Amino acid sequence: MKRVVMCFPEGRHKALTMSYDDGRNADKRLVDIFNRNGIKGSFHINSGLFGTPDRVTEEEVRSLYAGHEVSAHTLTHPTIARCPQELLVHEIMEDRKNLERTVGYTVRGMSYPNGSYNRRIKALLPQLGIEYARVVPSHGHFGMPEDWHEWQATCHHNHDLMNKAETFISLHKTQYLYLMYVWGHSYEFDQDNNWEVIERFCAYAGGRPDIWYATNIEIVDYTKAFEQLKFSAALDFVYNPTALSVWLAVDGQAVEVKSGEQKPL
């Protein structure tokens with residue numbers, strides 16, 4: 001029987017994603033740094049705070065974050081584990097509605113405001129159309145998440161970022177999928193006067209042909225597309241019923257299975 005494993009697009013085995021909260025004006029400088037280095041991010045925004053001091057305006061959002069992901073962060077940033085369910089539903093759904101009206105696509109992810117969540121909230125999120133949610137604690141590793149609604153990053157950008165980047169770049173064992181996930185708040189670079197941290201990281205980690213640069217939701221969608229592939233029992237062909245191409249390593253060779261295609265393996 002053939003050895004078949006999931007790859008990232010183009011047969012890659014490494015991916016990098018970024019995650020930044022609150023929709024602050026410093027996002028403008030951060031997005032420019034990402035764009036110059038071919039890096040993609042997910043930006044988790046409180047739409048109820050648009051235009052308040054140091055926040056981006058609704059009118060800026062579509063163009064500012066083009067090519068990246070706009071994601072939910074609740075309407076007004078409450079500590080949601082302390083909220084009744086009615087308020088929780090309102091905070092998430094109104095944030096989704098506002099953001100979707102602004103960017104023109106479905107908003108299906110979020111980060112937990114104030115890092116606040118519990119089992120009750122996690123169980124509710126899929127019913128509210130939220131397919132992933134990022135937490136505050138980081139694990140320091142480069143693995144794929146086991147729980148999309150308790151998604152831990154590799155690190156905050158102030159936590160030994162360049163050493164982790166160097167480790168990530170050096171990873172070469174193709175039997176594993178490696179994901180580096182960095183999170184933070186763009187205003188922290190102003191607050192800490194350390195924009196050179198993210199400038200250096202993006203210049204070093206960006207533009208590498210062996211890395212897939214993706215938003216949070218792109219990683220979710222791609223992984224779920226792989227999980228929906230229909231393999232024959234003998235692994236001699238596979239059918240892809242999804243809207244995405246999925247890449248596999250078949251006995252060490254990269255194979256693309258296009259949307260709607262049945263592919264011999």
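A quick yes/no check of all residues on (1) within 28 Å of E150 (Cβ to Cβ); (2) small (G, A, S):
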| site | (1), (2) |
| --- | --- |
| H172 | no, no |
| Y176 | yes, no |
| I211 | yes, no |
| I217 | yes, no |
| F226 | yes, no |
| A234 | no, yes |
| A243 | yes, yes |
| E256 | no, no |
| E261 | no, no |
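I'd like to check something: does segment 174-184 contain any residue that is over 27 Å from P209 (Cβ atoms) and of a type in the set (V, I, T)?
Within segment 174-184 (the criterion being over 27 Å from P209 (Cβ atoms) and of a type in the set (V, I, T)), the answer is no, since none of the residues qualifies.
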Open item on the list: Restricting to segment 147-161, and then to whatever is under 14 Å from the mean Cα position of the chain (by Cα) and part of a loop (DSSP other than H, G, I, E, B), can you tell me which residue is surrounded by the fewest Cβ atoms within 10 Å (Cβ to Cβ)?
Closed with: D147
- [ ] State all residues of segment 119-146 that are in contact with a Leu (Cβ under 9 Å, 6 or more places away or on another chain) and assigned to a strand (DSSP E or B); if no residue qualifies, say none.
- [x] Y132, A133
Task: First in segment 226-245 and over 20 Å from F8 (Cβ atoms), second anywhere and modelled with pLDDT of 95 or more and among the aromatic types (F, W, Y), Cβ under 9 Å, 6 or more apart - done: K230/Y239; S232/Y239; F237/F231; Y239/F231
TODO: Kindly indicate the residue of segment 1-54 that is part of a strand (DSSP E or B) and of a type in the set (G, A, S) and also farthest from the chain's Cα centre (by Cα) among those meeting that condition.
DONE: A15
Task: Pairs where the first residue, in segment 2-21, is under 15 Å from Q175 (Cβ atoms) and the second is assigned to a strand (DSSP E or B) and of a type in the set (S, T, Y), C-beta under 9 Å, 6+ apart - done: H13/Y178; K14/Y178
Task: Wholly enclosed strands (runs of 3 or more DSSP E) of segment 182-265 bearing at least 1 residues at negative phi, buried (at least 19 other Cβ atoms within 10 Å of the Cβ) and at pLDDT 95 or above - done: 211-213, 237-239, 246-250, 253-257
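Can you tell me how many residues in segment 121-166 are acidic (D, E) and touching a strand residue (DSSP E or B) at 6+ places or on another chain (Cβ under 8 Å)?
Here is the first cut: in segment 121-166, the residues acidic (D, E) are 131, 146-147, 150, 160, 166.
Retained after the next criterion (residues that are touching a strand residue (DSSP E or B) at 6+ places or on another chain (Cβ under 8 Å)): 131, 150.
Of the residues in segment 121-166, 2 are acidic (D, E) and touching a strand residue (DSSP E or B) at 6+ places or on another chain (Cβ under 8 Å).
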Task: In segment 30-49, residue nearest to L88 (Cα to Cα) [restricted to those that are surrounded by 18 or more Cβ atoms within 10 Å (Cβ to Cβ) and without any contact (Cβ under 8 Å) to a residue 40 or more places away in the chain] - done: L49
Task: Matching residues in segment 71-118 - criterion: being touching a residue at least 40 places away in the same chain (Cβ under 8 Å), in a helix (DSSP H, G or I), touching a Lys or Arg at 6+ places or on another chain (Cβ under 9 Å) and hydrophobic (A, V, I, L, M, F, W, C) - done: A81, V103
TODO: Go through T57, T52, T76 for me and flag whichever is among the polar types (S, T, N, Q), surrounded by fewer than 19 Cβ atoms within 10 Å (Cβ to Cβ) and within 20 Å of I130 (Cα to Cα).
DONE: T76
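The values are calculated or read from the model by the stated rules, or taken from the named source; none is laboratory data. Please read these numbers as outputs of a predicted model, since none were measured by experiment. Quick reminder, even Gly has a Cβ in these numbers, built from the backbone with ideal geometry, and neighbours come from all protein chains shown.
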